[in-house]
């Protein structure tokens with residue numbers, strides 16, 4: 001069953017159609033602009049050279065900007081596992097939200113309902129695996145923070161959209177801000193690289209960025225950039241459950 005959408009086409013895409021088998025990932029973004037109208041204008045203005053396949057508005061309406069079989073320009077310089085430049089392998093979904101720069105807010109219930117509906121449709125249509133549903137910050141941690149720590153990843157995972165750990169809140173709180181030794185830190189990064197985060201040796205800024213990206217995704221209560229025991233046990237559990 002098709003998804004009901006508004007049509008507001010963007011000129012910012014590659015004109016050659018791609019094979020549906022190339023579509024492996026679903027990438028979530030927030031628009032990061034004060035006004036929804038400004039975001040829509042940017043995504044459809046040829047000079048901006050950015051777009052996505054879909055935009056979910058504040059009221060939950062879904063706007064089709066670029067048809068799925070064309071490569072939209074939403075991910076930019078990005079990496080996940082052995083994939084580089086994820087635009088050609090993904091469908092991008094922008095969600096209207098001012099973002100961290102402009103008073104970042106919770107996503108509305110109508111928006112999340114549309115995220116679920118659209119995601120389930122796309123997952124089924126293109127056989128996308130839940131572990132290949134990612135945030136922009138996952139694939140470009142040095143540059144991006146979206147969709148951010150207010151995006152309900154856990155709720156989506158309960159609905160088989162994306163993935164989550166199986167640890168209790170009591171266990172997590174008990175291990176929050178508990179220090180880990182150097183061996184524990186090495187194991188944490190090893191886990192992250194296996195999950196898919198990009199490996200970039202000896203760059204302190206990058207290492208801190210992927211810690212924050214991981215926390216925005218899986219430990220949203222505290223985005224510190226510091227590895228603690230809670231982060232380590234979450235990474236262990238994710239790896240055991242999903243890989």
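Cα centroid distance between the stretch 165-240 and the stretch 52-130, in Å?
Cα centres, the stretch 165-240 to the stretch 52-130: 25 Å.
On the Cα set of the stretch 169-242, report Rg and Dmax in Å, please.
In order Rg, Dmax, the Cα atoms of the stretch 169-242 give 11.4, 34 Å.
Which residue, 180, 63, 115, tops the fluctuation ranking in a GNM of the chain built on C-alpha contacts under 10 Å?
Per the Cα network of the chain with a 10 Å cutoff, 180 tops the list.
Can you give me the convex hull volume of the Cα atoms of the chain, divided per residue and expressed in Å³?
125
What distance in nm separates the simple spin-label points at residue 178 and residue 41, each placed 7 Å from Cα in the Cβ direction?
Each label point is offset 7 Å from its Cα along the Cβ direction, giving 5.2 nm.
Could you tell me how many degrees, from 0 to 90 and to the nearest 10, lie between the Cα long axis of helix 204-218 and the main elongation axis, the longest principal axis, of the Cα atoms of the chain?
Compared with the principal axis, the helix lies near 80 degrees.
Would you mind listing how long the stretch 30-163 runs along its three principal axes, going by Cα atoms, in whole Å with the largest first?
33, 31, 29
So if I average 1/r over every pair of distinct C-alpha atoms in the stretch 22-63 and take the inverse, what Kirkwood radius in Å does that give?
Working: mean 1/r = 0.0875 Å⁻¹.
Hydrodynamic radius (Kirkwood, Cα pairs) of the stretch 22-63 is 11.4 Å.
How high is the relative contact order of the chain? Use alpha-carbon pairs under 8 Å, at least six apart in sequence, and give a whole percent.
About 20 percent, as a whole number.
Find the relative contact order for the stretch 169-242 and round it to a whole percent, using C-alpha pairs within less than 8 Å whose residues are 6+ positions apart.
Computed over the stretch 169-242, the figure is 48 percent.
No lab work stands behind these numbers, since they all come straight from the coordinates. Given the structure is predicted, the values throughout are model-derived calculations rather than measurements. Cβ coordinates were reconstructed from backbone atoms using ideal geometry, including for glycine residues, and neighbour counts include every protein chain displayed.
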